[in-house]
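Visitor: The structure is given below, and queries will be raised subsequently.
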Amino acid sequence: MKDEIEDGGLQEATDRDNCANCLKWCEGNDEKHLICSACRSAAYCSKECQRAHWKNHKPRCKAKQEAKKMASTKEQGAKRAWRLLEDWKVKVRNGILEYVVMSFFGFN
């Protein structure tokens, strides 16, 4: 179930029915999988397999965590930019209205 990658290493299985370390098939409720709590992309049949696979899984896990963090930051930044634009439009609208009123009554 593991796929070869360009550098000759092995890419971990993303199928949660198989252990990412030993590729043991875990069917139904007979055996409970341990899922990586940080990235939720790797499943293990035991703590021993999880520990044994950590060196291989760590770079991918950290990359997925960073990507998730960046996506969240971009979304927050986009929401903040939209709020700033809306605030600016209100200020411009109010400024123009104030200018028109002041000009109409000759306070220019």
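Visitor: Pick from Glu75, Glu66, Glu98, Glu48: which is open to solvent by 100 Å² or more (accessible area, probe 1.4 Å), of a type outside the set (S, T, N, Q) and within 22 Å of the chain's Cα centre (by Cα)?
Guide: Working: Glu66 fails: open to solvent by 100 Å² or more (accessible area, probe 1.4 Å); Glu98 fails: within 22 Å of the chain's Cα centre (by Cα); Glu48 fails: within 22 Å of the chain's Cα centre (by Cα).
Matching residue, one of Glu75, Glu66, Glu98, Glu48: Glu75.
Visitor: Among (1) at pLDDT 85 or above; (2) surrounded by 10 or more Cβ atoms within 10 Å (Cβ to Cβ), where does Pro59 come up short?
Guide: (2)
Visitor: Among the residues of the range 61-83, are any closer than 18 Å to Asn21 by Cβ and in contact with an Asp or Glu (Cβ under 8 Å, 6 or more places away or on another chain)?
Guide: Taking every residue of the range 61-83 in turn, none turns out to be closer than 18 Å to Asn21 by Cβ and in contact with an Asp or Glu (Cβ under 8 Å, 6 or more places away or on another chain).
The values are calculated or read from the model by the stated rules, or taken from the named source; none is laboratory data. Computed from a predicted structure; not experimentally measured. So basically every Cβ, Gly included, is an ideal-geometry build from the backbone, and we count neighbours across all protein chains shown. Just so you know, the surface numbers come from the protein's heavy atoms only, side chains and all, with ligands and any DNA or RNA stripped out. Shrake-Rupley method; radii C 1.70, N 1.55, O 1.52, S 1.80 Å.
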